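Notes follow once the structure below has been shown.
The values are calculated or read from the model by the stated rules, or taken from the named source; none is laboratory data. As the structure is a computational prediction, the values presented were derived from the model and not from experiment. We place every Cβ from the backbone using ideal geometry, glycine too, and count neighbours over all the protein chains shown. These accessible areas exclude ligands, DNA and RNA; they are computed on the full protein's heavy atoms, side chains included. Shrake-Rupley method; radii C 1.70, N 1.55, O 1.52, S 1.80 Å.
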Amino acid sequence: MFHLGWFLGDSTGIHKWNGTWASSNGKDWTKPDIYIDLATSLERGGFDLMFIEDTAMIEDTYGGTMEATLKYGMMAPKNDPMPYIPLLAQATRHLGLVGTVSTIQYPPYLAARQAVTLDHLTGGRSGINVVTSVTHRVAQNFGYDQHLAHAERYAMADEWMQVVSALWESWDPDAVLLDYDEPRYADYTKVHPINFEGRYFKCRGPLNTIPGPQRRPVVAQAGNSTPGRELAAAHADVILALCKNPDEMKALRQDMDERLVKHGRKPQDLKILFMTIPVVAETDADARELVSREEAARTSNDAIASRLWYLSYTSGGTIDYSKYDLDGPVPQEIGVGETTTSKAWLENSAGMTLRELATGPFNYGMDFVGSFDTVAEQMGEAMEIAGPNSGFLVYKPVTRKDIIDITDGLCPALRKRGLIRSSYEHKTFRENLMAF
Ligand SMILES: Cc1cc2nc3c(=O)[nH]c(=O)nc-3n(C[C@H](O)[C@H](O)[C@H](O)COP(=O)(O)O)c2cc1C
């Protein structure tokens, strides 16, 4: 069996807001309803988790202005995802809810306390996705003149995780006594200051709330560069991965297994979720027809601008792709932002024109196209090669049609083959995630 996660790539922000199936997203994205529909559907489908992206900026790398960002609704506007988590938890019983926290945005004490509070409110279903943030515009909203260099972001994130982990351990498991007769609520000798002093953070501790049902909320990490992999091997329970074929999946799994062992951990301690944007329909021909329509739509000026916008963003704000001739060669710099994503997008682009790249396949993880049964079969085969302790992270537009295609079309086909769970055996997110 493998795990399933849903990547809410535009967070609690504006999603597909015009065109077929967008429904009232343009008006209603600020309300909880679409996310509640999504969460309840994911649980019906047997998903382990919903993973909520976050970035706190209005970008202006592409074209040097916010025009395209706000014309198309590119990663903005966006609400803070964290307040949605208890609402989603109220509507579901088993789904893990992972909110993104940036290590330049949240002081570790605030993040540790918020995650534990959410763990209490969700009955043991909270998680954090630890990111280092991508562009200068985010950094500039949190007191920096410029974002830090890539290596330093990760050095800071490692220290950040050390503080957060120490705070989560600052109450011994038996510190709370709840002795009504004496009376004594907690044993103060079992609650410990952490007195952390590092290069980036200083924190006394202890945490001022008691451990939640999971004690340690689930930790996810999403960069696949070498320092990103090291951060995951040291601290994470889940890593989100961009791999284009089963061999790459297998190679990443093996690489992470070796890193985990070096950190004194076991391969089963870290699940890898491989990104995929599956195109599914009732028949193979219907799915291919959807792909043909997507291919045709990619050639419009708006679609090209949107794609170049993403390339500019993932470069970390260092490359403005609007400046290059569309019919000239693709610039080969990777930039300093989401280097894994930029590399995936630029792979094999030498010799292509920028227009060819911008109108080509989106290239974001594993490609699956076909009927529900065909794709279920292919997913099973890919996972056979990748090996255990893994799963897929499904990324689709947030429309009710796209949601049910997956949860009520693909998921039953996967379940019929015994590839995904048919129930949740445990109470907490962590236990369900670690069950296989
Ligand atoms: C699948 C995926 C999801 C990500 N989600 C976020 C996010 O929600 N917010 C954010 O600031 N960065 C996000 N990132 C960025 C990374 O977490 C990381 O900080 C950055 O990409 C640098 O990593 P790399 O050079 O190791 O790829 C994401 C990256 C990937 C690949």
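Looking across region 51-64 at every residue that is β-branched (Val, Ile, Thr) and open to solvent by less than 50 Å² (accessible area, probe 1.4 Å), the one that is farthest from the ligand (Cβ to nearest atom) is identified as Thr61. Against the list (1) open to solvent by 50 Å² or more (accessible area, probe 1.4 Å); (2) within 16 Å of the ligand (Cβ to nearest atom); (3) touching a helix residue (DSSP H, G or I) at 6+ places or on another chain (Cβ under 7 Å), the condition Asp80 fails is (3). Hey, does region 27-40 have a residue that's open to solvent by less than 10 Å² (accessible area, probe 1.4 Å), under 25 Å from Arg307 (Cα atoms) and within 16 Å of the ligand (Cβ to nearest atom)? Among the residues of region 27-40, not one is open to solvent by less than 10 Å² (accessible area, probe 1.4 Å), under 25 Å from Arg307 (Cα atoms) and within 16 Å of the ligand (Cβ to nearest atom), which makes the answer no. Considering Tyr185, Tyr180, Tyr144, the condition of being open to solvent by 20 Å² or more (accessible area, probe 1.4 Å), of a type in the set (Ser, Thr, Tyr) and in contact with a strand residue (DSSP E or B) (Cβ under 8 Å, 6 or more places away or on another chain) is satisfied by Tyr185 alone.
To keep it simple, each residue is scored yes or no on (1) under 23 Å from Trp160 (Cα atoms); (2) open to solvent by less than 50 Å² (accessible area, probe 1.4 Å).
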site: Asp237; (1), (2): yes, yes
site: Gln254; (1), (2): no, no
site: Arg259; (1), (2): yes, yes
site: Arg265; (1), (2): yes, yes
site: Leu270; (1), (2): yes, yes
site: Ala281; (1), (2): no, yes
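When the criteria are applied in full, Ser315 fails the requirement of being open to solvent by 30 Å² or more (accessible area, probe 1.4 Å) and among the hydroxyl-bearing types (Ser, Thr, Tyr). Annotation note: Cβ proximity below 9 Å between a residue of region 324-343 that is open to solvent by 20 Å² or more (accessible area, probe 1.4 Å) and among the polar types (S, T, N, Q) and a residue that is more than 16 Å from the ligand (Cβ to nearest atom) and in a loop (DSSP other than H, G, I, E, B) (sequence gap 6+ or interchain) occurs for Gln332/Ser349; Gln332/Ala350. Evaluate region 149-157: report whether one residue or more is in contact with a helix residue (DSSP H, G or I) (Cβ under 8 Å, 6 or more places away or on another chain), surrounded by 21 or more Cβ atoms within 10 Å (Cβ to Cβ) and not in a helix (DSSP H, G or I). Within region 149-157, not a single residue is in contact with a helix residue (DSSP H, G or I) (Cβ under 8 Å, 6 or more places away or on another chain), surrounded by 21 or more Cβ atoms within 10 Å (Cβ to Cβ) and not in a helix (DSSP H, G or I).
Among the residues making up region 224-241, those that are farther than 14 Å from Leu393 by Cβ, within 8 Å of the ligand (Cβ to nearest atom) and either small (Gly, Ala, Ser) or under 13 Å from the mean Cα position of the chain (by Cα) (or both) are Ser225, Gly228. Among the residues of region 119-177, those identified as polar (S, T, N, Q), within 13 Å of the ligand (Cβ to nearest atom) and on the phi < 0 side of the Ramachandran plot are Asn129, Thr132, Thr135, Asn141.
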